[in-house]
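The structure under discussion appears below in the form of structure tokens.
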Amino acid sequence: MRPKVVILGAGFGGLTVARALDSIADVTLVDRHNFQTFLPLLYQVSTAGLAADHVAYPIRGALRKTSVKFRMGSPISVDHRNKSVKLDSSEVLDFDFLIVALGSATNDFGIKGVADHSLGMKSVSEALNIRSEIMRRFEDLCRFEDDTRFSIAVVGGGPTGVEMAGAIAELKRGPLNSDNAQAARNVGVYLIEAGPRLLPSFSQRLSSRTKKDLEKLGVSVLTEAAVAEVKPRQIILSDGRGIPAEVTIWAAGVKGEPGMKVLALPHDGIRIAVDKTLQVSNYPYVFAIGDIAGAKGRDGEFLPMVAPVAMQQAKFVAKQIARIVKNEPLKEFTYLDRGSMATIGRHKAVVEAKGLRLTGTIAWYAWLWLHLFYLLGGRNKIGTMADWTWNYLTFDRGNRHIMDIS
């Protein structure tokens, strides 16, 4: 008899495990949206490089050649005794196995003002709001003929923060400069990192190269600059310095999706506690994968909240359930780190994989190819290629629309 599997979350992990289990289980996939968001390219939506619909793909379209059922909704409770989950639509789904793949949310680390005065970047709506805020401030500058300035601050020097800061700098140097050169000159871009260097997971050489490339683009890079408070038009650092910031973009970290609290499962810090088998501690019929799972590497540290981890865990959990069905012993998950990459701007990127370190144009093309490969849907791939080609050839970005949706 085929087991019933309910999967909560249709991100990289949830969608991958749903497809992998289709042949051996009756699967129901649940997500609060009817589309999957390609999170690695959200920053390009924020900076007018891509249209929003190019990074979103219908979940039902992704499941079209499978027997997987989809339900749009959010879990509001789990009955562990009877193995069922209730959705906000009032539908109750029975399961033999539950897979939690709810992803992550912005982590403000309890810093005052972050929730009220900064913009996160974990959804299409947030990306569009960032774009609108940047373009609205630029339009404000265009009304003045003096040296009135405004600044955009990106907090967090990891890949997301680096890519965002570089994209904003190129937006300023290219399209905005063409639209109104004086106004563009008066736009400041800051990248603020609490640690001693950017991209701490990369080598020192690549971190230094990244800082140098960003500064060439006109980004003011501040390291060892911990944020103490975010105000409406200013960031206060722990040493008392004030950084002007009419727009603050928070890319300093993420945490497990807060919705996990309704699942009545044990926590390990900001994630769900899991064993090495990826089963939730003391709940052998529940698995957790991706950003929300508290899986750790050989060094005892949490695995990074990135798509490759979620996808490897998804395929692993599908095999684990197959082993259970066959009464075979379970295995322990080991993450295979295939490397990291980040793009800084045109012909500027860094790639680090198993001792191989690339910078410049080759790294930039590698970044483009890999992201295009993992993007769902032929239409999205073609649309993204079209936008990228137009941006590259014309130094323009045609998605500079102010579309408030909040």
Quick check, is residue 255 assigned to a strand (DSSP E or B) and either modelled with pLDDT under 95 or crowded, with 17+ Cβ neighbours inside 10 Å (or both)?
yes
The range 262-305, subset within 18 Å of residue 10 (Cα to Cα) and not aliphatic (A, V, I, L, M), residue surrounded by the most Cβ atoms within 10 Å (Cβ to Cβ)
290
Within the range 10-43, restricting attention to residues that are outside any strand (DSSP E or B) and of a type in the set (Phe, Trp, Tyr), which residue is surrounded by the fewest Cβ atoms within 10 Å (Cβ to Cβ)?
38
Condition check: small (Gly, Ala, Ser) and closer than 21 Å to residue 160 by Cα. Does residue 256 satisfy that?
yes
Of the residues 171, 198, 176, 217, which single one is touching a helix residue (DSSP H, G or I) at 6+ places or on another chain (Cβ under 6 Å) and under 24 Å from residue 125 (Cβ atoms)?
176
Tell me whether the range 146-153 contains one or more residues that are crowded, with 23+ Cβ neighbours inside 10 Å and within 24 Å of the chain's Cα centre (by Cα).
yes
Looking at the range 91-115, which of its residues are at pLDDT below 95 and either surrounded by fewer than 17 Cβ atoms within 10 Å (Cβ to Cβ) or hydrophobic (A, V, I, L, M, F, W, C) (or both)?
105, 109, 110, 115
List every residue pair whose Cβ atoms sit under 8 Å apart, with the two residues 6 or more apart in sequence or on different chains, where the first one lies in the range 67-83 and is over 19 Å from residue 258 (Cα atoms) and the second, anywhere, is among the aromatic types (Phe, Trp, Tyr) and not in a strand (DSSP E or B).
83/95
With 384, 343 as the choices, which residue is out of contact with any strand residue (DSSP E or B) (no Cβ under 6 Å at 6 or more places or on another chain) and β-branched (Val, Ile, Thr)?
384
Inspect the range 357-377 for any residue being of a type in the set (Gly, Ala, Ser) and closer than 20 Å to residue 157 by Cα and give the result as yes or no.
yes
Counting just the residues of the range 383-406 that are among the aliphatic types (A, V, I, L, M) and part of a loop (DSSP other than H, G, I, E, B), which one comes out nearest to residue 134 (Cα to Cα)?
402
Going through 101, 115, 127 one at a time, which residue ends up being of a type in the set (A, V, I, L, M) and without any contact (Cβ under 8 Å) to a residue 24 or more places away in the chain?
115
Which residue out of 316, 373 is out of contact with any Phe, Trp or Tyr (no Cβ under 9 Å at 6 or more places or on another chain) and free of Cβ contacts under 8 Å to residues at least 40 places away in the same chain?
373
Please work out if residue 86 is without any contact (Cβ under 8 Å) to a residue 40 or more places away in the chain, in contact with a Leu (Cβ under 9 Å, 6 or more places away or on another chain), among the basic types (Lys, Arg) and within 21 Å of residue 3 (Cα to Cα).
yes
Please go through the range 54-80 and pick out each residue that is outside any strand (DSSP E or B) and either within 23 Å of residue 346 (Cα to Cα) or in contact with a Ser or Thr (Cβ under 6 Å, 6 or more places away or on another chain) (or both).
54, 55, 73
Search the range 196-207 for residues being in contact (Cβ under 8 Å) with a residue 12 or more places away in the chain and surrounded by 15 or more Cβ atoms within 10 Å (Cβ to Cβ), and hand back the single one that is farthest from residue 173 (Cα to Cα).
202
State all residues of the range 222-240 that are closer than 19 Å to residue 160 by Cβ, of a type outside the set (S, T, N, Q) and either touching a residue at least 40 places away in the same chain (Cβ under 8 Å) or outside the structural domain of residue 349 (by TED's automatic domain parsing) (or both); if no residue qualifies, say none.
227, 230, 235
Hey, among 210, 248, which residue is under 23 Å from the mean Cα position of the chain (by Cα), on the phi < 0 side of the Ramachandran plot, touching a residue at least 12 places away in the same chain (Cβ under 8 Å) and part of a helix (DSSP H, G or I)?
210
From (1) over 20 Å from the mean Cα position of the chain (by Cα); (2) over 23 Å from residue 60 (Cβ atoms); (3) buried (at least 17 other Cβ atoms within 10 Å of the Cβ), pick out the condition that doesn't hold for residue 87.
(2)
Residue 7 vs. criteria under 26 Å from residue 120 (Cα atoms), in contact (Cβ under 8 Å) with a residue 40 or more places away in the chain, in a strand (DSSP E or B) and more than 22 Å from the chain's Cα centre (by Cα):
no
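The values are calculated or read from the model by the stated rules, or taken from the named source; none is laboratory data. Computed from a prediction, not measured in an experiment: that's the story for all the values here. Every residue, glycine among them, receives a Cβ derived from its backbone with ideal geometry; neighbour counts consider all protein chains shown.
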